[in-house]
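Below: one structure, written as structure tokens.
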Amino acid sequence: MKCLVTGGAGFIGSHLCEHLLQNNYQITCVDNLITGSLRNINHLVKHDHFTFINHNITTPLSHPEPLDEIYHFASPASPVDYYKYPIETLRVGSIGTEEMLNLALQKKARFLLASTSEVYGDPEINPQPEEYWGHVNPIGPRSIYDEAKRYAEACTMAYHRKYHINTRIARIFNTYGPRMKEDDGRAVPNFIKQALTNTPITIYGNGKQTRSFCYITDEIHGLYALMQSNYHLPVNIGNPEERTILDLATIIKEMCHSKSPFIFKDLPTDDPKQRKPDITKAKEILNWEPKISIHDGIQKTITWFSQNNL
Ligand code: NAD
Ligand code: UDP
């Protein structure tokens, strides 16, 4: 099988490439390194079945070889990153997605979109099933990401309906693990870095907002199962174990045997108050559910950060 992975030098993309190599795929990884790093794929580039192309996917990509599958993961994903690159985020979600859908059409390839729980915005119902249409501020600071992904979903469905492309839409919920950037600003790397260095742990708001954290290997297995399925409507892929941010910070502080105090800072505008995937569809259609406990996943991540970053 020949596949193309956009955003393959990023956190999730690099783990996906690794998994696909283990499953005998021939991979073309396309990334412009705006938020990713060659460090994430250094161990893959020597592999015969792995090719890296440094390219911005909002411009046409010449790819003469046949393709069976396209995994479209390119996009800044951390709030700190997408605030820094607002226009790039809008463009990769819109123009970049269209470019990749056109490539899928040309190659008759399957196409999987890495969408996000952010399409639900600041949800009014909890947990969120795929049928929920969301509660998104269309002009707020997060809209550059949320609306780009909502457009990407609409575009994917339009190509499916009009051209009968074999498409998949994964709504990915908060995922964490090794290779997250130490400074990408997301809760897990921030808390681990702060706890390991005994510096204050920054809690935004009162810390009672919730998230549901999925370990990277679980996430990859769910994404791969979705690509292999025959289901073209969106599927939530995440861990339904919901916890408050204060709870997450406490777990990380204890597991790092840290002396860090908690300090409370302003809650970013439109920061969702609650988030938990309803994964009934993933269980029934993909026969998938996460297996790694928060303690095991956080331990593996702390170990990686200790050995690689700090
Ligand atoms: P990441 O920033 O580590 O990876 C994104 C990759 O895309 C980077 O390597 C970046 O350089 C590349 N990229 C961005 N714009 C590009 C462009 N125009 N052309 C080529 N490459 C480009 O982020 P991540 O956490 O690995 O997220 C990967 C995907 O999964 C994103 O689409 C994101 O929206 C989605 N997602 C992630 C999470 C999560 O918790 N990590 C949650 C929901 C959705
Ligand atoms: N958060 C926090 N302190 C930090 C980083 C994040 O309290 O140092 C909070 C953030 O406000 C949000 C939650 O943790 O409520 C998850 O944030 P993250 O950036 O990891 O992901 P997202 O907001 O995209 O779910």
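When you go through (1) open to solvent by 60 Å² or more (accessible area, probe 1.4 Å); (2) touching a Lys or Arg at 6+ places or on another chain (Cβ under 8 Å) one by one for TYR83, which number turns out not to apply?
(2)
Considering each of TYR151, TYR120 in turn, give the residue that is aromatic (Phe, Trp, Tyr) and without any contact (Cβ under 8 Å) to a residue 60 or more places away in the chain.
Every option except TYR151 fails the conditions.
Listed residues ALA170, ALA154, ALA195; which is at negative phi and within 12 Å of ligand 1 (Cβ to nearest atom)?
ALA170
Residues in the range 36-47: is at least one within 16 Å of ligand 2 (Cβ to nearest atom) and touching a Ser or Thr at 6+ places or on another chain (Cβ under 9 Å)?
no
Going by the structure shown, is TYR204 hydroxyl-bearing (Ser, Thr, Tyr), surrounded by fewer than 23 Cβ atoms within 10 Å (Cβ to Cβ) and touching a Lys or Arg at 6+ places or on another chain (Cβ under 6 Å)?
So TYR204 fits the description; yes.
Being surrounded by fewer than 18 Cβ atoms within 10 Å (Cβ to Cβ) and more than 23 Å from GLY13 (Cβ to Cβ) narrows it down to one residue among PRO123, PRO129; which is it?
None of the others qualify; the one that does is PRO129.
Could you tell me which residue of the range 200-226 is nearest to ligand 1 (Cβ to nearest atom), considering only residues that are aromatic (Phe, Trp, Tyr) and not in a loop (DSSP other than H, G, I, E, B)?
Result: TYR215.
Out of the range 74-131, which residues are under 18 Å from THR167 (Cβ atoms), hydroxyl-bearing (Ser, Thr, Tyr) and within 16 Å of ligand 2 (Cβ to nearest atom)?
Those that are under 18 Å from THR167 (Cβ atoms), hydroxyl-bearing (Ser, Thr, Tyr) and within 16 Å of ligand 2 (Cβ to nearest atom): SER75, SER115, THR116.
Going residue by residue through the range 172-185, is there one that turns out to be exposed (fewer than 15 other Cβ atoms within 10 Å of the Cβ), more than 13 Å from ligand 2 (Cβ to nearest atom) and part of a loop (DSSP other than H, G, I, E, B)?
no
Does ASN42 count as open to solvent by 20 Å² or more (accessible area, probe 1.4 Å), in a loop (DSSP other than H, G, I, E, B) and either under 20 Å from THR116 (Cβ atoms) or of a type outside the set (Ser, Thr, Tyr) (or both)?
Taking the combined requirement at face value, the residue satisfies it.
List the pairs whose first member sits in the range 71-89 and is closer than 26 Å to THR28 by Cβ, whose second member is open to solvent by 40 Å² or more (accessible area, probe 1.4 Å) and near ligand 1 (Cβ under 9 Å from one of its atoms), and whose Cβ atoms are under 6 Å apart, counting only residues at least 6 apart or on separate chains?
From the range 71-89, the pairs are PRO76/TYR85; SER78/ARG186.
Failed condition for HIS221, given (1) touching a residue at least 40 places away in the same chain (Cβ under 8 Å); (2) open to solvent by 20 Å² or more (accessible area, probe 1.4 Å); (3) touching a strand residue (DSSP E or B) at 6+ places or on another chain (Cβ under 7 Å); (4) not acidic (Asp, Glu), with all others met?
(3)
Would you mind stating whether LEU233 is over 20 Å from the mean Cα position of the chain (by Cα), aliphatic (A, V, I, L, M), more than 16 Å from ligand 1 (Cβ to nearest atom) and modelled with pLDDT of 95 or more?
no
State all residues of the range 18-39 that are open to solvent by less than 20 Å² (accessible area, probe 1.4 Å), of a type outside the set (Val, Ile, Thr) and touching a strand residue (DSSP E or B) at 6+ places or on another chain (Cβ under 6 Å); if no residue qualifies, say none.
If the condition is that a residue be open to solvent by less than 20 Å² (accessible area, probe 1.4 Å), of a type outside the set (Val, Ile, Thr) and touching a strand residue (DSSP E or B) at 6+ places or on another chain (Cβ under 6 Å), then LEU20, TYR25, CYS29 are the ones that fit.
What tally of residues in the range 154-168 results from selecting those that are over 19 Å from LYS107 (Cβ atoms) and touching a residue at least 12 places away in the same chain (Cβ under 8 Å)?
The qualifying residues number 1.
The values are calculated or read from the model by the stated rules, or taken from the named source; none is laboratory data. Since the model is a prediction, treat every value here as computed from it, not as a measurement. When we count neighbours, we look across all protein chains shown, and the Cβ atoms used for this are built from the backbone with ideal geometry, even at glycine. Heads up: the accessible areas ignore ligands, DNA and RNA and are worked out on the full protein's heavy atoms, side chains in. Shrake-Rupley method; radii C 1.70, N 1.55, O 1.52, S 1.80 Å.
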